[in-house]
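Derivation of every value follows stated rules applied to the coordinates shown; laboratory data play no part. Note that the structure is predicted; figures quoted are calculated from it, not measured. Cβ placement follows ideal geometry from the backbone for every residue including glycine, while neighbour counts extend to all protein chains displayed.
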Amino acid sequence: MPISPRAKAVLGYWRDLGPAGWYAGGESLDAEIRTRFEEDWNTALSGGHRSWMHCPEGILAFLLLTDQFPRNMFRGQGKAFATDPLARRAAHYAWQNQLDLRIDEPMRQFFYLPLEHSESPFDQDRAVALIKARMPETGAETLLHARAHREIIRRFRRFPFRNEALGRETTPEERAFLEAGGYMAIVRELQG
């Protein structure tokens, strides 16, 4: 069964953007992703695009659409995390069946990011283990960031930088963490 044209569009866009653009963010990129893919995201949110799950490339497109793209399309809003459960289920299916290994690095990392974006300690540990085991060529930087996410969950049991978007109260400890550099402070700590 051939990959759907919309799944191809997702993959082509992300590949063209490349590693330098994947984490760049910014309103221009966010708006472009929103314009091009918000309708597809809404389809996935309402239960569509399940046909993408028949092959590794389709699953990767689904993961990008449900895990990466909403973080751009809805930056600073709770809606950015609305399809995280869909992405986690797809990611679990993929790595349990070793379908992630059929995608070359560094694109393979997007099979593990739904776990890394989870506020579950189990998912965090699994993300670190999978990156260590399955990204031998390009995984060092990805592993550093996975370890940073895991450390934040170990300390706070959630990501404090999501609190405002999700309407959660920020504790004094979380506020101090955010004011001291938040996520990037953890990255620097792990590098040191």
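What ranking do Met184, Met53, Met1 get, fewest neighbouring Cβ atoms within 10 angstrom at the top?
Numbers: Met184 10, Met53 16, Met1 7.
Least crowded to most crowded, the residues run Met1, Met184, Met53.
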The range 122-181: proportion of alpha-carbon pairs further apart than 15 angstrom, %:
55 percent
Taking a ≥ b ≥ c as the square roots of the eigenvalues of the Cα gyration tensor of the range 44-146, is the shape rounded (a/c under 1.5), prolate (a/b larger than b/c) or oblate?
oblate
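Tell me, Ile152, Ile103, Ile131 in order of fewest to most beta-carbon neighbours within 10 Å? Show your work: numbers first, answer last.
Details: Ile152 21, Ile103 18, Ile131 26.
Taking fewest neighbouring Cβ atoms as first place, the list is Ile103, Ile152, Ile131.
Taking the alpha carbon gyration tensor of the range 1-104, what are the square roots of 5 times its eigenvalues, largest first, to the nearest whole Å? Please list the in-between numbers first.
Working: eigenvalues 87, 46, 34 Å².
They are 21, 15, 13 Å, listed largest first.
In deg cm²/dmol and to the nearest 500, what is the mean residue ellipticity at 222 nm of the chain if only DSSP H runs of at least 4 residues count, each as -39500 (n - 2.57), divided by the residue total? Display every interim value, and only then the final one.
Numbers: 11 runs with 121 residues, N = 192.
Helices in the chain give a 222 nm mean residue ellipticity of -19000 deg cm²/dmol.
Kirkwood Rh over alpha-carbon pairs of the range 35-94, then Stokes-Einstein at 25 °C and 0.890 mPa s: what D in µm² s⁻¹, rounded to an integer?
Working: Rh = 11.3 Å.
So the translational diffusion coefficient is about 217 µm²/s.
Using mean Cβ contacts within 10 Å as the protection proxy, how do 134-146, 78-90 order, highest first? Could the numbers behind the result be given before it?
On the way: 134-146: 16.5, 78-90: 18.2.
In descending order of packing, they fall as 78-90, 134-146.
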Please state, to two decimals, what the Cα-based radius of gyration of the chain comes to when divided by 2.2 N^0.38 Å (N = residues).
1.00
